[in-house]
């Protein structure tokens, strides 16, 4: 028989999954705002951020109440503690989308990005949505194979991040220092977004298996 | 009468404080490695990082065991949950010091920094040690006044961060794009280090008071 505890835990997990999806959407919109110098869209991401922050606060409180009222043990305890840690990662994913939108707003009506690098950021934005969705699926299915897929998406993001740096450093960069500073920060925000999505997946797998596997393609983030 | 539970919680808090101190020292050494292009010191920070990572894993496990065996309630529960969240922040402080050391190593035998900005980073390194020490004091004393002091140190770090950006963007920057990219990333690492120290203090104050005060100068980090 399912207990009230398990129903509440499932509700919490759904909420965390929903937050991952919202963070992905926020990063997608922030990317569009960046690529199109779209101030309205940037402002929307900035005001929508409140929603993710509120969901975070509620999820953390919900996990705390579960601990306080149900005193779970063993695997159940690990699940709730894991949820509290996951909240911090998802909250951060939302904050990174916010940072991207703020750079788009700061440079408006200029484009923050030189046209030469638009393609990289379009692809990073696409990956961010995927990462948000995959993190949500991993939360809902607790499937280690999907968790491994998130690692592939993260590898793709890291490749783009490194590639952008070589574009700035190795070739003749003609767009000045301000653009280089913006591109450096923006690229870092996408890379960190991906790292946090991987961390969500790692924690889910830990909840399921009770250990961080060294051979599941989900290394510790540093 | 003091219970075994409270002794164990105190042990955990001391360990977290020690980790804050170690993260500050790591950032100080990484800064020296950066300023002096000192490969040996950079390598030392990189190998010492394992120690902070191990302490993190132990602290997290210790908090988990406290939850599992003692099923604390109310304020005690908040303390243990807060400790688990603090572990993630301190772990990240150590990782940021590691990132600084890795940039120093990557550029060796060159200096990563143009001499013009050495003074900023020397000051950021000094602030990082202070922030690590203040976070440790806040953990040990749970004193809201010291928690407010950490906000001042964070403000000073933010000022340096902004100032560095204006040096790169507003003046005639003669050091090329590679140096600008390095300075951007490095400055961001110090700024984030400070943010995490503030977050540690916020969580301690939450443990003590049961709320995040809006008027204690410790705003939510994003």
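Just so it is clear, none of the values below were taken in a lab; they were calculated from the coordinates. Because the structure is predicted, anything quoted here is derived from the model rather than measured. No Cβ is skipped: glycine too gets one built from the backbone with ideal geometry, and neighbour counts run over all protein chains shown.
For the reader, a short list of remarks on this structure follows.
- Between the helical axis of B:39-70 and the longest alpha-carbon principal axis of chain B there is an angle of about 20 degrees.
- Mean per-residue shielding of peptide B:141-148 is 0, counting Cβ atoms of other chains within 10 Å of each Cβ.
- Using a Förster distance of 41 Å, the FRET efficiency for residue B:64-residue A:122 (Cβ separation, nearest 0.05): 0.45
- Likely footprinting exposure, B:137, B:115, fewest C-beta neighbours within 10 Å first: B:115, B:137
- Residue-span extension gain [residue A:4 to residue A:155] - 0.36 nm each, minus C-alpha spacing: 50.4 nm
- Chain A: angle of helix A:4-36 to the longest principal axis, Cα-based, in degrees nearest 10: 0 degrees
- Among B:174, A:102, sorting on how many other beta-carbon atoms sit within 10 Å of each Cβ, with the fewest leading, yields B:174, A:102.
- Note on A:82-91: average number of Cβ atoms from other chains within 10 Å of each residue's Cβ is 2.
- Cα-based helix-to-principal-axis angle, B:74-107 vs chain B, degrees rounded to 10: 20 degrees
- Highest-MSF residue in chain B out of B:175, B:111, B:196 [GNM, Cα springs under 10 Å]: B:175
- Where only alpha carbons of the range B:55-140 are counted, the Rg and the Dmax (Å): 18.1, 56
- Estimated translational D of the range A:12-61 in µm²/s (Stokes, Kirkwood radius over Cα pairs; 20 °C; 1.002 mPa s): 189 µm²/s
- By the beta-carbon count within 10 Å of each Cβ, the least crowded to most crowded order of A:91, A:143, fewest first, is A:143, A:91.
- Inter-copy separations for residue A:11, label at 7 Å along Cα-Cβ, nm, ascending: 3.7
- With label points set 7 Å from Cα along Cα→Cβ, the inter-copy distances at residue B:175 are 2.2 nm, sorted shortest first.
- Length-normalised contact order for chain A - Cα pairs under 8 Å, 6+ apart - percent: 28 percent
- With its label point put 7 Å out from Cα toward Cβ, residue A:145 sits 6.2 nm from the same residue's point in the other copies, in order from shortest.
- Cβ-Cβ FRET estimate between residue A:108 and residue A:54, R0 fixed at 25 Å, reported to 0.05: 0.40
- The protein assembly as shown: C-alpha gyration tensor shape, a/c 1.5 cut-off, then a/b vs b/c: oblate
- Shape category assigned to chain B from the gyration tensor of Cα positions, a/c cut at 1.5: prolate
- Residue mean of other protein chain beta carbons inside 10 Å, A:180-187: 5
- Among A:11-22, A:49-60, the peptide with the highest mean count of other Cβ atoms within 10 Å heads the list, and the full ranking is A:11-22, A:49-60.
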